[in-house]
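Have a look at the structure below before the remarks.
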Amino acid sequence: MQKPIVQEIAAPSPAFRDFVTLAKPRITLSVVITAAAGLFLANRAGRLDEPVTTTTVLSTLLGMVLIVSGANALNMWIERESDKRMPRTMNRPLPGGRLAAKHALWFGVAISALAIPVLAIGANPLTALLAVVANLLYVLAYTPLKQHSQYALHVGAVPGAIPPLLGWTAATGRIDAAAGVLFAIMFLWQIPHFIAIALFRKADYARAGIVVTPNVVGELASRHTIIRWIFAVVATSFLVVPLGVAGHGYLISAAVLGAVWFIWGCYGLREGTGVRWARSLFGISILYQVLLFAALVINP
């Protein structure tokens, strides 16, 4: 009796998995989610001259995947030498020797370039322009500046804050005050979030030659900086209510979430808090962002 033929599906090749790694899928997903939130909020707030089409939504999300993945790949290409000096990054495709540098370069350039017509035609030219600005700032300004100044963090926070703005402009075709507040929330949030990372990874960053706030001004000053920026984030998060983007239910949620994050930030000023506190603050900052945007979208 002849045995049935079972067609096996070939597993992804190592090269394919390495190209996916270059795109930093988790970071890309989080960016796409915030862009989708911006698009949704603009639609719900009634800021549209005409209804958002399915084509616009899909093109915006696809364009975001491409432009962010391209920026991430180019970031890894530029940092391939410094990545060899950090345990967290030394096994990435380029420092690990699994991909040639030129392949990563062309991959990043190609998908970044492909995103431009996708966004310009599928959404609008303004959205495409903002995406290009974000990509170039991340790759050509933030990435090389990390080797020279702690303020690279502030430069990098600009492209990091653009995604919800992209979603908003894809729906409306313009930048207004509400879009500016969404941008500001994301910009301000990144500063304490990344300083917390720098606190528990400062030795790795020093080994790789990356300049971060704790290695410049010290741990205590960095903790004070975190508190100031958390306060700024929380205060800014309330501004979407008078602008008509969210209601009183969101306001209560934002106040509670902000209070928890701020209080835990202040706890870090106590003597004896160290790496463990910094790691927990990093986790709380992620939870804050997720729940804040969830409250914005739900808007009870």
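The values are calculated or read from the model by the stated rules, or taken from the named source; none is laboratory data. This is a predicted model, so every value here is computed, not measured. All Cβ positions, even for glycine, are placed from backbone atoms using ideal geometry, and neighbour counts span all protein chains on display. The area values use the complete protein model at the heavy-atom level, side chains included, leaving out ligands, DNA and RNA. Shrake-Rupley method; radii C 1.70, N 1.55, O 1.52, S 1.80 Å.
Quick look at the values:
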{"read-out": "Check on Ile197, open to solvent by 30 Å² or more (accessible area, probe 1.4 Å) and in a helix (DSSP H, G or I)", "value": "no"}
{"read-out": "Out of Ser253, Ser222, sole residue that is polar (S, T, N, Q) and either open to solvent by 30 Å² or more (accessible area, probe 1.4 Å) or not in a helix (DSSP H, G or I) (or both)", "value": "Ser253"}
{"read-out": "Considering residues of the range 260-271 that are without any contact (Cβ under 8 Å) to a residue 12 or more places away in the chain and in a helix (DSSP H, G or I) only, the residue farthest from Glu219 (Cα to Cα)", "value": "Ile263"}
{"read-out": "Long-range neighbours under 6 Å by Cβ, at least six apart or interchain, first residue open to solvent by 30 Å² or more (accessible area, probe 1.4 Å) within the range 273-300, second of a type in the set (Ser, Thr, Tyr)", "value": "Asn299/Tyr250"}
{"read-out": "Residue match in the range 211-222 (condition: under 30 Å from Leu119 (Cα atoms) and either over 21 Å from the mean Cα position of the chain (by Cα) or of a type in the set (D, E, K, R) (or both))", "value": "no"}
{"read-out": "Index of the failed condition, Ser112 passing every other in (1) open to solvent by 20 Å² or more (accessible area, probe 1.4 Å); (2) under 18 Å from Tyr142 (Cβ atoms); (3) at pLDDT 95 or above", "value": "(1)"}
{"read-out": "Count of the range 4-38 residues which are farther than 21 Å from Ala170 by Cβ, among the hydroxyl-bearing types (Ser, Thr, Tyr) and either touching a Ser or Thr at 6+ places or on another chain (Cβ under 7 Å) or at pLDDT below 90 (or both)", "value": "1"}
